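Here is the structure we will look at, set down as structure tokens.
Derivation of every value follows stated rules applied to the coordinates shown; laboratory data play no part. Every value quoted in this text rests on a predicted model; they were computed, and no experiment measured them. Neighbour counts are summed over all protein chains in view; Cβ atoms, including those assigned to glycine, are modelled from backbone coordinates with ideal geometry.
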Amino acid sequence: MAQAAAAVADRPTGVSARHRSGSDFTPLLRAIKTERLLDRRTGWYGRSMAVNAAALAAVCTGLFLIGHSWWVLLLAPILSVLCTRTAFIGHDAGHSQITDNRAVARLIGLVHGNLLLGMSVSWWNDKHNRHHANPNHTEKDPDVAADILVFTARQARPRAGFRRWLTRHQAWLFFPLTLLQGIAMKVYGFRDLRRQTRRERAIEGPLLVVHLVGYVALLLTAMPLGHAIAFAAVHQALFGLHLGMAFAPNHKGMEMPDPDGERWGHLKRQVLTSRNICGGALTDWFLGGLNYQIEHHLFPSMPRPHLRLAQPLVRAHCHAVGMSYAETGLVDSYRQVLRHMHEVGEPLRALRVE
């Protein structure tokens with residue numbers, strides 16, 4: 001690995017390197033393949049899924065053991081973390097990180113997405129694949145399309161009414177709004193059934209209903225109605241917050257390609273729009289490997305445990321071709337995100353003052 005990183009770092013920088021390789025990305029891909037970092041880690045994922053399933057079963061057992069006490073609410077944060085772990089597994093399955101067998105990958109996604117979380121994998125994969133193809137492109141990336149939040153001054157300018165108020169205060173509202181993210185993703189999944197083919201709908205629709213009915217039945221069987229409502233509120237809010245904290249640092253506040261400008265190559269398109277988060281094993285665990293966002297975007301099918309191994313190669317290659325490589329701490333990443341959201345809303349706040 002060290003030799004491969006050194007070889008990448010020793011390449012000439014600038015235009016001459018690009019002409020010599022024919023593509024900025026090709027030599028990096030070659031180095032990654034040489035280190036076998038695109039090979040699947042089936043055993044690692046198998047153990048991860050088994051541990052996650054056992055932990056979910058333990059929490060469900062706990063609901064029945066202490067469900068008639070308000071102490072049961074202490075299990076809600078634990079369940080929210082486990083649900084986020086489940087979402088990370090579904091995410092990796094959708095990228096073929098776990099297996100290159102499409103049928104098996106889809107089955108893993110259906111179990112961890114539709115059945116366990118009530119989130120449609122077809123909806124997620126369609127949306128997420130479009131995001132990966134053109135990250136931070138306001139006309140092609142659904143994650144930065146103007147909706148409740150906006151990400152550019154051009155998007156903010158025509159806002160009116162309640163949405164205008166949201167944009168003025170979106171930096172303050174960003175994390176509170178993530179409390180609704182888990183529920184919103186469930187709603188989006190049900191709405192997406194209209195887009196899906198009849199075959200997809202016949203599988204995904206029933207699984208979403210089974211999840212919803214099963215979740216309500218579990219809570220009402222394990223605890224009184226008041227406890228169940230409070231538990232669901234805390235669980236779903238913290239689940240959405242954890243998802244938001246994992247997704248927020250990845251691209252917000254990074255470069256956004258000009259829709260009318262030049263078309264960026266794969267390396268530039270993925271690296272300049274992404275931000276990595278520094279940290280150790282706890283950060284890797286908390287963010288599900290998404291803290292290696294640059295490596296993940298360059299190599300979406302790379303197994304999660306290989307992302308940290310690929311980082312030195314990618315960083316060295318970016319330096320060799322004269323391309324910036326964004327990396328910061330977790331807290332500072334949130335600061336950058338909120339600063340960007342605040343700046344986007346600034347013109348509307350200035351108009352209000354006038």
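Here are the numbers for this structure:
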item: Three-way shape call for segment 57-122 based on the alpha-carbon gyration tensor, with the a/c threshold at 1.5; result: prolate
item: Candidates Ser324, Ser274, Ser122, ranked by Gaussian network fluctuation over the chain, Cα under 10 Å, top entry; result: Ser324
item: Ala281 paired with Asp332, simple spin-label distance in nm, labels 7 Å along Cα-to-beta-carbon; result: 2.5
item: Additional length obtainable on full extension of the chain from Arg130 to Arg194, 0.36 nm per residue less Cα span; result: 21.2 nm
item: Percentage relative contact order, segment 2-353, counting C-alpha pairs under 8 Å, at least six apart; result: 27
item: Sites Val210 and His319 - FRET efficiency at Förster radius 56 Å, r taken between beta-carbons, to 0.05; result: 0.65
item: Label zone at Asp39 (point 7 Å along Cα-to-Cβ), backbone N below 15 Å, segment 303-321; result: 303-307, 309-310
item: DSSP-assigned coil residues among GluC sites (Glu not before Pro) in segment 139-207, each with at most 15 further Cβ atoms within 10 Å; result: Glu139
item: Relative contact order of segment 195-354, defined on C-alpha pairs under 8 angstrom at six or more residues apart (%); result: 22
item: Helical segments meeting 30 Å axial Cα length and Kyte-Doolittle 1.0 threshold in the chain (DSSP H); result: 42-66, 225-247
item: Space enclosed by the convex hull of the alpha-carbon atoms of segment 209-283, per residue, Å³; result: 186
item: Mean ellipticity per residue at 222 nm, deg cm²/dmol - from DSSP H runs of n ≥ 4 across the chain, formula -39500 (n - 2.57); result: -20500 deg cm²/dmol
item: C-alpha center-to-center spacing [segment 286-354, segment 247-281] in angstrom; result: 6
item: Correct choice for semi-axes √(5λ) of the Cα gyration tensor in Å that was computed from the model, options (i) 30, 26, 23; (ii) 43, 20, 18; (iii) 35, 27, 19; result: (iii)
item: Which of Lys186, Lys140 has the fewest Cβ neighbours within 10 Å, and the rest in rising order; result: Lys140, Lys186
item: For segment 216-302: relative contact order, % (alpha-carbon pairs under 8 angstrom, 6 or more apart); result: 26
item: For the chain, built as a Gaussian network whose Cα springs stay under 10 Å, the top-fluctuating residue of Gln293, Gln270, Gln311; result: Gln311
